[in-house]
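What follows is a single structure, written as structure tokens, with notes after it.
The values are calculated or read from the model by the stated rules, or taken from the named source; none is laboratory data. The shown structure was predicted, so the numbers you read here are calculated from the model rather than taken from an experiment. Please note: Cβ atoms are built from the backbone with ideal geometry, for glycine as well, and neighbour counts cover all protein chains shown. For the accessible areas, the whole protein counts, side chains as well, though only heavy atoms, and no ligand, DNA or RNA atoms are used. Shrake-Rupley method; radii C 1.70, N 1.55, O 1.52, S 1.80 Å.
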Amino acid sequence: MCRASPVDPLVVERFEEGVTIASALEGLGKDGGPGRPATRGPVERAVLRLPES
């Protein structure tokens, strides 16, 4: 994380409740090609799918 990058309070709240995106991290990099970040798409989608409550 970068100091200049804000963290959505929802992400922090879910983490404190034990809800994480750990399952989205399995297999990262298997489909990534050279010059393409292997984490960006799957990780961003997992964060967007976090439950709101």
Right, Ala22: modelled with pLDDT under 70 and open to solvent by less than 80 Å² (accessible area, probe 1.4 Å) or not? no
If the Cβ limit is 7 Å and pairs must be 6+ apart or interchain, which residue in the stretch 10-30 that is of a type outside the set (Gly, Ala, Ser) pairs with which residue that is in a helix (DSSP H, G or I) and open to solvent by less than 50 Å² (accessible area, probe 1.4 Å)? Ile21/Val43; Ile21/Ala46; Leu28/Pro42
